[in-house]
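Quick notes on the structure that follows.
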Amino acid sequence: MQKNTVRTLAAVLAAGAVALPGIAAATDGASGENRGCAARFDEAQRADMESFRDFDAETWRDGHHEDAVSVFASGHRFSGIDAIMAAQKSHFENREAIWTWTEIDRHVHGCKTATIEYDATYELPSIGFKSRALTVVTYTFERGRWLSIYDQGTAFPAPAQ
């Protein structure tokens, strides 16, 4: 009986020794995939922000989910990329706005969702308009791409003059 216990224990230890490298490789692969998703997220969010800044409507539209929702700091809500593009038509056509942002925080959840928070400013110098908002953008990972699916801006109080 004691001999069988020793053999069983030896077999379990041997199996563990064989399995551990495979488990470690699988874990590395998963974290490698997550690193890949995080890198692709960096690219997608950069393209999102820079294409808006640079008036590149095609790239900006392409980075959005067809069912995206956008809630402006004014409280206006637009549902679907067509409605969002219509709401942003003057931005892309007039090409006069100054769009700046500072990243505050981000969370990337594997290859599923990501959220990024910005301190963003939108200016139209020709009319003296300046709006500063806390803007949060949520992305979803679909068919191998990160797509903006929801963004909301919350206005900061106007600066004291």
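The values are calculated or read from the model by the stated rules, or taken from the named source; none is laboratory data. Since this is a predicted model, take the numbers as computed values, not measurements. Glycine gets a Cβ as well: all are built from the backbone with ideal geometry, and neighbour counts include every protein chain shown. Accessible surface is based on the protein model in full, side chains and every heavy atom, while ligands, DNA and RNA are left aside. Shrake-Rupley method; radii C 1.70, N 1.55, O 1.52, S 1.80 Å.
Some notes on this structure:
- Accessible surface ranking for Ser131, Ser51, Ser74, 1.4 angstrom probe, highest first: Ser74, Ser131, Ser51.
- By accessible area with a 1.4 Å probe, ligands and nucleic acids excluded, highest first: order of Tyr139, Tyr150: Tyr150, Tyr139
- Three semi-axes describe the equivalent ellipsoid of segment 33-155; taken as square roots of 5 times the Cα gyration tensor eigenvalues and ordered largest first, they are 24, 15, 13 Å.
- Stretch gain in nm, segment Arg77-Arg95, where the contour uses 0.36 nm per residue and the Cα spacing is subtracted: 4.2 nm
- FRET efficiency, 1/(1 + (r/R0)^6) with R0 30 Å, evaluated for Ala39 and Thr154 via beta carbons: 0.55
- Area of Thr100 that stays accessible when all protein chains are in place (1.4 Å probe, Å², to 10): 70 Å²
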